[in-house]
Each structure stands twice: as structure tokens, then as C-alpha cells.
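Shown next, in C-alpha cells, is the structure this report addresses.
Where a number appears in this text, it was derived from the coordinates with a stated rule and is not lab data. Every value quoted in this text rests on a predicted model; they were computed, and no experiment measured them. Cβ coordinates were reconstructed from backbone atoms using ideal geometry, including for glycine residues, and neighbour counts include every protein chain displayed.
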Amino acid sequence: MKRAIELSIESVAEGGGPFGAVIVDKATGKIIGEGKNRVAINYDPTAHGEIEAIRNAGTNTKRLEFNNCVLYTSAEPCVGCLTEILFNAEIKEIYYGNSVEDATKAGFADQPNWDALESSAMDVCKKAGASISQIMQKEAQEGFVAWDKKTDKTEYYKA
């Protein structure tokens, strides 16, 4: 999780949003993929930290599924990311730092998407036979603090 938080802070410094993620192979304990939010940098609405970590893990391992892996992400996954994590990458163990509520306070608008589905990440994971847990919330706030100090925020990120 420490690396995911570091990536979220690096992302802000590089012009991305305050989100980072890593995928760890359970057998070796090594990071096989990492990603930073690149939505505004790449003009790609799918370039969230979790998706970038999945892409990086695929490139690094030449694999498509990561069912023997754990995802650590600086913030609770959005609806789109969670779908990719669970059903395409087949990751069934997820740890996150900031909650959707924390992200909303920081100016990000994922909550309306969950509200529209009348669901939550916890509900979706439970139905998919996966686990999701919040850890290191205080430390994960560092990415949002860096974002809050930033004066040249991209309009995309306004709630």
C-alpha cells in the first residue's frame, strides 16, 4: 500500500490525479504491475491508476488474469475500475486507502455512479466472491493533500 500511496503523490506532481495502484503476486510478494492516474495526461478517461496497473502487470508478465494477486490502491475503486479488476483481471483481493467519501470531499465524483447502481464496492465484491478492505486511510490522504495544494487542476476532476 505504501507504494500505491507514493504513486498517487507522484501522479499529482506529474499532472495526473491523486490515484495510484499496485498489483502484487501472492506467491512471490513482488509487485508485478503499478499504475498512476493518467486520465488528464493521456486524454484517456480509462487511464485510472488501477487500469494502468493492470496494463503494466500484463505487459510485465505476459498474462491476462491475475487471480493469484492482490491489488493495493490509494482510493476505493470506481465502478469501471472495479468491473475490470474483478471480472477481467480476476483479482479477488483488494485493499484501498481513501474511501469514496474521502474522494468526494477532495472533489472527485464517483459517488453518483455508485448511487445510480444502488450499490457499493463492498456489495459488488461480495457478489463476486472477492474481498475489499480499507487500510492506511490516514497515510493515503497524502495524495489528496498534494492535490489540494495544486493550483493548476484539470477541469475533468471537478465534481
Does Ile91 satisfy the condition of being touching a helix residue (DSSP H, G or I) at 6+ places or on another chain (Cβ under 6 Å), β-branched (Val, Ile, Thr) and part of a loop (DSSP other than H, G, I, E, B)? yes
Scan of the range 83-96 for residues that are of a type outside the set (Lys, Arg) and over 9 Å from the mean Cα position of the chain (by Cα), ordered by number: Thr83, Glu84, Ile85, Leu86, Phe87, Asn88, Ala89, Glu90, Ile91, Glu93, Ile94, Tyr95
So, of the residues in the range 29-82 that are crowded, with 18+ Cβ neighbours inside 10 Å and of a type in the set (Lys, Arg), which turns out to be farthest from the chain's Cα centre (by Cα)? Arg38
Report yes if Ala140 is in contact with a Ser or Thr (Cβ under 8 Å, 6 or more places away or on another chain) and surrounded by 14 or more Cβ atoms within 10 Å (Cβ to Cβ), otherwise no. yes
Looking only at the range 121-137, count every residue that is out of contact with any strand residue (DSSP E or B) (no Cβ under 8 Å at 6 or more places or on another chain) and buried (at least 18 other Cβ atoms within 10 Å of the Cβ) and tell me the total. 1
Within the range 102-113, is there a residue that is surrounded by 13 or more Cβ atoms within 10 Å (Cβ to Cβ) and farther than 21 Å from Ser11 by Cα? yes
